[in-house]
1. Among the listed residues A:Glu47, A:Glu52, identify the single one that is more than 7 Å from DNA strand D (Cβ to nearest atom), modelled with pLDDT under 95 and within 14 Å of A:Leu69 (Cα to Cα).
2. Within the stretch B:12-45, track down each residue that is near DNA strand C (Cβ under 10 Å from one of its atoms), surrounded by 11 or more Cβ atoms within 10 Å (Cβ to Cβ) and in a helix (DSSP H, G or I).
3. Quick one: B:Val42 ticks every box in (1) more than 12 Å from DNA strand D (Cβ to nearest atom); (2) at pLDDT 95 or above; (3) out of contact with any Cys (no Cβ under 9 Å at 6 or more places or on another chain) bar one, so which box is it?
4. Scan the stretch B:59-77 and tell me whether some residue there is part of a helix (DSSP H, G or I) and buried (at least 18 other Cβ atoms within 10 Å of the Cβ).
5. Scan the stretch B:93-104 for residues that are assigned to a strand (DSSP E or B) and either at the interface with chain A (Cβ under 7 Å from one of its Cβ atoms) or not acidic (Asp, Glu) (or both) and jot them down.
6. When you scan the stretch B:68-78, do you find a residue that is in contact with a strand residue (DSSP E or B) (Cβ under 9 Å, 6 or more places away or on another chain), under 20 Å from A:Gly63 (Cα atoms), modelled with pLDDT of 95 or more and within 10 Å of chain A (Cβ to nearest Cβ), even just one?
7. Can you tell me which of B:Val129, B:Val107, B:Val115 is at the interface with chain A (Cβ under 7 Å from one of its Cβ atoms) and surrounded by fewer than 19 Cβ atoms within 10 Å (Cβ to Cβ)?
2 protein chains.
Amino acid sequence: MGVIRITKSVKALLNAFAEQEVALSTVALVEQFQDHMNRSTVYRILERLEDEGILHSFTGSDGLTWYALGNKNLLSGKANLDTHPHFQCKDCGKTECLPMSVSIPDVSKHTVESVSLLLVGQCSDCASV
Amino acid sequence: MGVIRITKSVKALLNAFAEQEVALSTVALVEQFQDHMNRSTVYRILERLEDEGILHSFTGSDGLTWYALGNKNLLSGKANLDTHPHFQCKDCGKTECLPMSVSIPDVSKHTVESVSLLLVGQCSDCASV
DNA sequence: AATTTATTGCAACTTTGTCGCATTAACAAA
DNA sequence: TTTGTTAATGCGACAAAGTTGCAATAAATT
């Protein structure tokens, strides 16, 4: 499986997530570390960390890929579908996992294997301006 | 606003949606009409039709943009949030709007303006194989 | 039919993301 | 601590989705 060696680059990326309790886009991470690691390295590490279950990814409103800590943490059991939503602020772009589960109704004749749920709106910081 | 002139290209695109009751990806449409209209024309027409409310768009599991008929059709009133999910079959790729509304819990301190909800799984056709 | 201007085609471009391959650096074992 | 194995990285080239400016074209209106 994924992460076998804890390289400096892996540490740096994990650090970025540990410091901030928010989701980070691949684009932002590539830019943040452009002087310290190659673009493809960023992509490959994120992929590996996701394979390990340390990160999980989702698609933002702009179609870009975002990553956030956790995955298994947010799930009660592996049998259940992970239906936690992500929230993206249309003003400041801040994106985060929402610590809740949304119930998805049964879809007749369809087997649902994964759910991605993105809420776009205004976060509290931007609302108070 | 958007659509002012009903050109041959606009008619052709609207026809594609009328014939099939499913969502179509920009990529598929560009390919389908590659001999009849330019790629940028497809993108621009889809954008205009969405502005008009004739189509609505969402992002598929692959990160690609998809369009489907309706929008206002599916909404009871403009005051309510449109929370109808989209379903994408992981096997055949068929993608469709689901005629239902999913209730989104209140998110404290966040104003939710739009919801995108994508279910990925297996459709009935693929399940019976 | 003439006029106006929205729409289109074209081509060049941007951006996100992937890939192969040679080099480098984790890390386990001696 | 040194050595050997191979995962991980850098680099560069590439692919695909989507955008943009501008000149040419074709709706729609009079």
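1. Matching residue, one of A:Glu47, A:Glu52: A:Glu52.
2. B:Ala12, B:Leu13, B:Arg39, B:Thr41, B:Val42, B:Tyr43, B:Arg44, B:Ile45
3. Looking at each condition in turn, B:Val42 falls short on (1).
4. No, that holds for no residue.
5. B:Thr95, B:Cys97, listed by residue number.
6. no
7. The match here is B:Val107.
The values are calculated or read from the model by the stated rules, or taken from the named source; none is laboratory data. Predicted, not measured: the structure shown is a model, and the values here were computed from it. No Cβ is skipped: glycine too gets one built from the backbone with ideal geometry, and neighbour counts run over all protein chains shown.
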